[in-house]
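Take a look at the structure below.
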Amino acid sequence: MRVQEAIRSVFRQFAAIGSVRQTLLWFLEHGLQLPACTPRGEIHWKRPYYGTVYQILTSPVYGGAYAYGKTESTIHYADGEPRKRDRRKPRDQWLALIPNAYEGYVDWDEFERIQRVIHANVRLGGQAGAPKNGEALLSGLLRCRRCASKLTLHYTGNQHDALRYTCHRAWLDKGQPRCIAFGGTRVDAAVAQAVLRVVQPAAIEAAIVAREEDVHKHDEVLAALQRDLQAARYAAQRAQKQYDAADPDNRLVADELERRWNDALMRVAELESRIGQQSYASGQLPPAQPEEFTELATALESIWPQADARLKKRIVRTLIHEVVVDVDDTTSEIVLVIHWKGGVHTEVRVPRRRRGQNATHTSPEAIDAVRQLARICPDLLIASVLNRNDLRTGRGNFWTQERVTSLRSHHQIPVYSSERRAAEGWMNLTEAAAFIGVSPKTLRLAVERGDITAEHPLSNGPWIFNRNSLNTNAVTELVARTRARRGRPEIPTAQQGSLDLSTT
């Protein structure tokens, strides 16, 4: 029974995960063992390996089929001497294969489905392959509309995190120019939005099923550990009987039997401790209640970015057969035709990223600061101010003159011009203080009190004044008070109107 349940666990986990390696990692994560046969036909339990799990999932014996003639012997020559070698033959060359010959761990249709899934996990012949940890959502699913070839994926950038899909089949086969190539971040985001719109109606039901499966997995691990504990207790009792039956005077035999008994007791204690931890973890998972997930359908978009990349790819490949893609040069758009598994086709158009335009977004605070600082500062000085205030680009880089120029061009912010600055009357704190005849500190304190209007886009950056905001009664009173403290006469009213003409 212990052997049977272990083999059934392999098939159950593969049905839930869909990958041989991930099934192996599940057993290793929970410290579960699998049975193996010695050359003498004895069963022993050991840490599973990839070959162990793969053999269980691909052997037709476990699918209830009788198979014969799966291997053949061939002769090859090494150093002039004949050597015998055994090799596995393809299924169509087996001497006999009789499905449903007896009851298997899974029925034959399920076994055949498992073989197709394992074969599809291999990245060969344009297949998507098993989901990997990479961030590319559509790896292996994009097909070129022009030449019908699968697009390849490349990770570029300093940190190798920028996606780029390319179709170079025509270049490889015929030496012709590449069909299409484009950045993948926007395309992945557009397809993800389409997938979320499809799965949102079933979000609550899927969440309840996922919670129930999580509880079931905990129970399955607990049942496997209890079977291991039962076998360990039997081994400990057997070791105790052997020790009791040994001759005490034969110390060599007695010491060895005592060591085996202690090892068996330690194994029992270890399993009891793990069962206690697993029971506590299972008790922490309450039954799934529908009201817990009432807001999940609207929260999918916020949960999706933090989800595991392999999980997102499995969801996408469950719903989408492939995506036919082309580039519309007239509208500068990427045209995606999504072929859903149910036979429905959906067209999605994504604006193509222009050269120099970053896929990530710079913070609105930095954009507003550049828009205001460009009135009095050139790009090089703006980059210095942004870096001094710990603001970074959308990709987390420091600002340079070129990056500020690119940002201005994208957001259509005019370049700094000394002529326009003088014509529009923009000036910094020092210039404004000299313009009205007070110290910079006096003017800054007046601005902080709210007496005079000025812009201060960044805390560790320049103040921005306009000449029109300095021709007010508040400025006149500030100048009069300052001159009175210095013992100077007030400016005559007739001369106040020419204040803005004194320095330009």
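The values are calculated or read from the model by the stated rules, or taken from the named source; none is laboratory data. Bear in mind the structure is a predicted one, so any value in this text is a computation, not a measurement. Note: ideal-geometry Cβ built from the backbone for every residue, glycine included; neighbour counts use all protein chains shown.
Taking the range 438-455 as the region of interest, how many residues are assigned to a loop (DSSP other than H, G, I, E, B) and surrounded by 16 or more Cβ atoms within 10 Å (Cβ to Cβ)?
3
Could you give every pair whose Cβ atoms fall below 8 Å, whose first residue belongs to the range 13-35 and is at positive phi, and whose second residue is assigned to a helix (DSSP H, G or I), counting only separations of at least 6 or pairs across chains?
GLY18/VAL117; GLY18/ARG314; GLY31/ARG274
For the range 136-150, which positions are among the hydrophobic types (A, V, I, L, M, F, W, C) and closer than 11 Å to ILE180 by Cβ?
Those that are among the hydrophobic types (A, V, I, L, M, F, W, C) and closer than 11 Å to ILE180 by Cβ: LEU142, CYS144, CYS147.
Which of the helices (runs of 4 or more DSSP H) found entirely inside the range 1-112 contain at least 1 residues meeting this: more than 32 Å from the chain's Cα centre (by Cα)?
In the range 1-112, 2-17 are the helices (runs of 4 or more DSSP H) which contain 1 or more residues that are more than 32 Å from the chain's Cα centre (by Cα).
So, in the range 31-79, of the ones that are charged (D, E, K, R) and exposed (fewer than 10 other Cβ atoms within 10 Å of the Cβ), which residue ends up farthest from ARG116 (Cα to Cα)?
ASP79
From the list ARG143, ARG123, ARG91, which residue is modelled with pLDDT of 85 or more and surrounded by fewer than 15 Cβ atoms within 10 Å (Cβ to Cβ)?
Residue meeting the stated conditions: ARG91.
Restricting attention to the range 84-98, does a residue exist that is in contact with a His (Cβ under 7 Å, 6 or more places away or on another chain) and more than 28 Å from ALA120 (Cβ to Cβ)?
yes
Under 6 Å between Cβ atoms, which residue pairs at least 6 apart in sequence (or on different chains) link something in the range 58-80 that is farther than 26 Å from PHE14 by Cβ and in contact (Cβ under 8 Å) with a residue 12 or more places away in the chain with a partner that is in a strand (DSSP E or B) and among the basic types (Lys, Arg)?
Going by the 6 Å Cβ cut-off, the qualifying pairs are SER73/LYS84; THR74/ARG85.
Within the range 363-420, can you find the residues that are of a type in the set (Lys, Arg), closer than 17 Å to PRO462 by Cα and surrounded by 16 or more Cβ atoms within 10 Å (Cβ to Cβ)?
Across the range 363-420, the qualifying residues are ARG371, ARG375.
With touching a residue at least 40 places away in the same chain (Cβ under 8 Å) and basic (Lys, Arg) as the only criterion, which of ARG388, ARG420, ARG392 stands out?
Among ARG388, ARG420, ARG392, only ARG388 is touching a residue at least 40 places away in the same chain (Cβ under 8 Å) and basic (Lys, Arg).
The conditions are (1) surrounded by fewer than 10 Cβ atoms within 10 Å (Cβ to Cβ); (2) of a type in the set (Ser, Thr, Tyr); (3) in contact (Cβ under 8 Å) with a residue 60 or more places away in the chain, and TYR105 fails exactly one of them. Which is it?
The failed condition is (1).
Given the residues GLY134, GLY183, which is the only one that is modelled with pLDDT of 80 or more and either under 17 Å from the mean Cα position of the chain (by Cα) or crowded, with 18+ Cβ neighbours inside 10 Å (or both)?
Of the residues listed, the single one that is modelled with pLDDT of 80 or more and either under 17 Å from the mean Cα position of the chain (by Cα) or crowded, with 18+ Cβ neighbours inside 10 Å (or both) is GLY183.
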